[in-house]
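Quick notes on the structure that follows.
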Amino acid sequence: MKKNTFFLTLFLVLFFPLSMAQQREAKPVELKQISERLYEILGGSGAQGGMYIGDNEVLVIDAKMDENSVDAVIAEIAKITDKPIKYLVNTHSDGDHVWGNQFFPQTVTFVAHENCRKEFFHKNRDGNESEWNKPELAAFVPSITFRDRMNIYFGTKIIELWYFGVGHTTGDIVVYFPEEKTAFIGDQIFLTRPQLIHSYKGGNSFEHVKTLTKILETLDAEKFCSGHSEIADRETIKKQINQMKNRQEKIKSLIEKNMPLEDVKKVFEENESRLIEAIYNEIK
């Protein structure tokens, strides 16, 4: 189903500044096999996602962010299985994970946390109204939501959806495959850049630490797939937690010395600026 490209371009320019560069540098879509049934979805425009082949249907994790990338994802899946895509799970509401929803067949059922669905309709960072308020996009907003935990049964197989609390946003979830001991965690970790905490969506760095800790305490996952990084192990997640705690303690000590925000930012790397500001405002 074709859409007016004007709205996509407007969204990319105003609401996701890095996306234009991502489009120019996007690699071809590919499916990287994790197990007999489970794959990472790499390349294309937008975040990395996943794909699971059930007994009779397919589940996709996150949606890329343009029509060409979605078409490529669907084409790659068709090379592996003729089973239809039944569910698409959005790990959270960021545009590089959800904007592609609208380019999937309308027979697909969209699933997310209840907070994630609400965030589809929140005003954008710049205060403009969300494009998802447009009636023609209603069919591509998550229609099934949950609060704490939900299971999806794919014949003899089970997929677990977990909500562990606020972090990157208020609606981030974990899609867990117990047989593979593999968890898809969206943007709850970044390994090649500082962690993003979307304060304007209710994200919170201190809650983020608690959420990552709960994930490790609750799930026996050995592999963690995320939106923008290589597959991580448990030790990597622990390292991320400790790095965040160290930043928080350092910022707290600088605030206690009455150092203003702009001076606090100068103590850290320039690319940490947004995270430092978020933590500073949480402490203040």
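The values are calculated or read from the model by the stated rules, or taken from the named source; none is laboratory data. In this text the structure is predicted, and so the values were computed from the model without any measurement. Cβ sites come from the backbone with ideal geometry, for glycine too, and all protein chains shown count toward neighbours.
Among the numbered criteria (1) farther than 26 Å from A47 by Cβ; (2) outside any helix (DSSP H, G or I), which single criterion is violated by E230?
Every listed condition holds for E230 apart from (1).
Among (1) modelled with pLDDT of 95 or more; (2) closer than 23 Å to H168 by Cβ, there is one condition F103 misses while meeting the rest; what is its number?
Every listed condition holds for F103 apart from (2).
Using the structure shown, decide if K238 is assigned to a helix (DSSP H, G or I), under 28 Å from I61 (Cα atoms) and among the charged types (D, E, K, R).
Against the criterion (assigned to a helix (DSSP H, G or I), under 28 Å from I61 (Cα atoms) and among the charged types (D, E, K, R)), K238 qualifies.
Being crowded, with 19+ Cβ neighbours inside 10 Å and either modelled with pLDDT of 95 or more or under 20 Å from the mean Cα position of the chain (by Cα) (or both): is that true of K64 here? Don't jump to the end; show me each part of the working.
Values: crowded, with 19+ Cβ neighbours inside 10 Å: yes; either modelled with pLDDT of 95 or more or under 20 Å from the mean Cα position of the chain (by Cα) (or both): yes.
So K64 passes the test.
Would you say D82 is at pLDDT 95 or above, assigned to a helix (DSSP H, G or I) and not small (G, A, S)? Give the steps one after another, and end with the answer.
Numbers: at pLDDT 95 or above: yes; assigned to a helix (DSSP H, G or I): no; not small (G, A, S): yes.
Considered against the rule, which asks whether it is at pLDDT 95 or above, assigned to a helix (DSSP H, G or I) and not small (G, A, S), D82 comes out as no.
Take the residues of region 262-282 that are over 23 Å from the mean Cα position of the chain (by Cα) and surrounded by 16 or more Cβ atoms within 10 Å (Cβ to Cβ): which is nearest to K245 (Cα to Cα)? Can you show your working first?
Residues of region 262-282 that are over 23 Å from the mean Cα position of the chain (by Cα), as a first pass: 262-270, 280-281.
Then drop every residue that is not surrounded by 16 or more Cβ atoms within 10 Å (Cβ to Cβ), which leaves 264-265, 268, 280.
Working: V264: 16, K265: 17, F268: 14, Y280: 13 Å.
For region 262-282, the residue satisfying everything is Y280.
Taking P194 as meeting all but one of (1) in contact with a helix residue (DSSP H, G or I) (Cβ under 6 Å, 6 or more places away or on another chain); (2) farther than 23 Å from R117 by Cβ; (3) buried (at least 22 other Cβ atoms within 10 Å of the Cβ), write down the number of the exception.
(3)
Can you confirm whether region 151-167 contains a residue that is closer than 20 Å to D71 by Cβ and at pLDDT 95 or above?
No, every residue in region 151-167 fails to be closer than 20 Å to D71 by Cβ and at pLDDT 95 or above.
State which residue is surrounded by the fewest Cβ atoms within 10 Å (Cβ to Cβ) when the search covers only region 197-241 and only residues that are among the aromatic types (F, W, Y) and modelled with pLDDT of 95 or more. Break it down into steps so the answer makes sense when it comes.
Residues of region 197-241 that are among the aromatic types (F, W, Y), as a first pass: 200, 206, 224.
Still in the list and also modelled with pLDDT of 95 or more: 206, 224.
Details: F206: 16, F224: 25.
Once the filter is applied, the top-ranked residue is F206.
Conditions tested, residue by residue: (1) free of Cβ contacts under 8 Å to residues at least 60 places away in the same chain; (2) closer than 25 Å to R125 by Cβ; (3) of a type in the set (S, T, N, Q).
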residue: R234; (1), (2), (3): yes, no, no
residue: K239; (1), (2), (3): yes, no, no
residue: Q243; (1), (2), (3): yes, yes, yes
residue: Q248; (1), (2), (3): yes, yes, yes
residue: K265; (1), (2), (3): yes, yes, no
residue: F268; (1), (2), (3): yes, yes, no
residue: N271; (1), (2), (3): no, yes, yes
residue: I283; (1), (2), (3): yes, yes, no
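How do the pairs read when you match residues in region 36-63 that are more than 18 Å from F224 (Cβ to Cβ) with residues anywhere that are outside any loop (DSSP other than H, G, I, E, B) and among the acidic types (D, E), using Cβ under 7 Å and keeping only pairs 6 or more apart or on different chains?
From region 36-63, the pairs are G43/E30; G46/D96.
Could you please let me know if I53 is over 17 Å from the mean Cα position of the chain (by Cα), over 13 Å from F103 (Cα atoms), of a type in the set (A, V, I, L, M) and surrounded by fewer than 24 Cβ atoms within 10 Å (Cβ to Cβ)?
Details: over 17 Å from the mean Cα position of the chain (by Cα): yes; over 13 Å from F103 (Cα atoms): yes; of a type in the set (A, V, I, L, M): yes; surrounded by fewer than 24 Cβ atoms within 10 Å (Cβ to Cβ): yes.
Yes: the conditions hold for I53.
Do you know which residues across region 113-166 are under 26 Å from A278 (Cα atoms), in contact with a Lys or Arg (Cβ under 8 Å, 6 or more places away or on another chain), outside any strand (DSSP E or B) and not hydrophobic (A, V, I, L, M, F, W, C)?
The answer is E114, E119, H122, E129, S130, Y163, G165.
Against the condition hydroxyl-bearing (S, T, Y), more than 17 Å from G46 (Cα to Cα) and in contact with a Phe, Trp or Tyr (Cβ under 7 Å, 6 or more places away or on another chain), how does T236 come out, does it pass?
No: the conditions fail for T236.
Could you list, in sequence order, the residues of region 175-191 that are in contact (Cβ under 8 Å) with a residue 60 or more places away in the chain and either surrounded by fewer than 17 Cβ atoms within 10 Å (Cβ to Cβ) or β-branched (V, I, T) (or both)?
Selection gives V175, E179, E180, T182, I185.
Look at region 205-227 and say how many of its residues are farther than 23 Å from N271 by Cα, more than 16 Å from the chain's Cα centre (by Cα) and assigned to a helix (DSSP H, G or I).
6
Run down A72, A47 and say which single residue is surrounded by 15 or more Cβ atoms within 10 Å (Cβ to Cβ), assigned to a loop (DSSP other than H, G, I, E, B) and modelled with pLDDT of 90 or more. Talk me through it step by step, then tell me what you get.
Values: A72 fails: assigned to a loop (DSSP other than H, G, I, E, B).
Being surrounded by 15 or more Cβ atoms within 10 Å (Cβ to Cβ), assigned to a loop (DSSP other than H, G, I, E, B) and modelled with pLDDT of 90 or more holds for just one of A72, A47, which is A47.
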